[in-house]
Amino acid sequence: MQVKQIETGGIQENCYIVYENTEALIVDPGAEASKIKKELENLGVTPLAVILTHTHYDHIGALEDIRVDYDIPVYVSPKEQEWLGNPSLNLSTYTNYEISANPAEYTFEPSESVIIGPFTFEVVATPGHSPGGVSFIFKDENCVFSGDALFKGGIGRTDLPGSEPEKLIPAVKEQLFVFPDDYTVYPGHGDSTTIGYEKRTNPYFRNGKDS
């Protein structure tokens with residue numbers, strides 16, 4: 001399995017193409033649909049589905065273009081299904097362009113193992129930044145897509161409408177820091193990192209131990 005990071009939009013959201021041979025998943029198509037499509041063409045892959053870590057506008061701006069053009073389903077947490085079509089909830093109402101996407105075809109259950117084509121991954125709840133925030137764990141590849149829960153040297157904002165500040169740090173510790181140090185972390189913004197590096201250096205944690 002290989003991963004292609006694509007930086008999209010004005011606030012530099014990370015969309016990812018996860019691919020194996022000629023098949024792919026798209027994680028968080030935030031903006032610039034044409035840019036994402038060009039990368040799919042360059043890689044010679046066909047997407048099977050879109051999987052969403054959460055539904056803030058900067059992660060779903062290109063969703064409708066992608067899902068319609070490739071006729072593929074969307075997966076999201078049930079806690080944010082309604083957010084896709086509500087600009088107030090997905091926060092796009094506070095920008096210059098309101099985003100309203102159709103409902104997702106599938107919703108994730110907590111701790112669910114999902115199989116889509118050749119891809120198998122586990123979905124874990126990492127709320128705090130948003131109530132339905134999830135991370136995707138690809139155990140065979142030793143990597144996690146953390147959305148806006150965990151960044152290199154930081155965590156997601158918890159001062160937004162719908163955020164739950166008390167939940168984010170415990171969720172990261174309990175759901176992500178349980179994996180080996182060599183796991184690669186692909187965040188929703190910024191550079192990739194590893195679980196071990198964040199345990200040791202992230203200022204929001206004390207060596208991965210409870211405060």
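Structure notes:
- Pair Met1, Lys139: separation of 7 Å Cα→Cβ label points (nm): 1.2
- For the chain, built as a Gaussian network whose Cα springs stay under 10 Å, the top-fluctuating residue of Gly117, Gly132, Gly154: Gly117
- Computed about the Cα centre, the dipole magnitude for the chain is approximately 600 debye when only Lys and Arg (+1) and Asp and Glu (-1) carry charge, each at its Cβ.
- Under 20 Å from the Thr120 label point (7 Å along Cα→beta-carbon), backbone N, region 165-194: 179-180, 183-184
- Structure remark: mean-square fluctuation, Gaussian network model of the chain, C-alpha springs under 10 Å; the largest value among Val45, Val27, Val123 belongs to Val45.
- Normalising by residue count, region 6-86 has a Cα convex hull of 80 Å³ per residue.
- Contact order for the chain, expressed relative to its length and based on alpha carbon pairs under 8 Å spaced 6+ residues apart, stands at 14 percent.
- Remark: the Arg200-Asp69 segment gains 42.9 nm on full extension, using 0.36 nm per residue and subtracting the alpha carbon distance.
- Inter-label distance for Val178 and Ser34, nm, one decimal - labels placed 7 Å from Cα along Cα-to-Cβ: 4.5
- Between Gln81 and Glu20, the contour length at 0.36 nm per residue exceeds the alpha carbon distance by 19.2 nm.
- Computed Kirkwood radius, in angstrom, where 1/r is averaged over Cα pairs of region 167-209: 10.5
- Just checking the listed ones, Gly44, Gly190, Gly61: in the Gaussian network model of the chain with Cα springs under 10 Å, the one fluctuating most is Gly44.
Every read-out reported here was derived from the displayed coordinates using simple, explicitly stated rules and does not represent laboratory data. Model, not experiment: these values are computed from the prediction. Ideal geometry is used to build each Cβ from the backbone, glycine not excepted, and the neighbour counts take in all protein chains shown.
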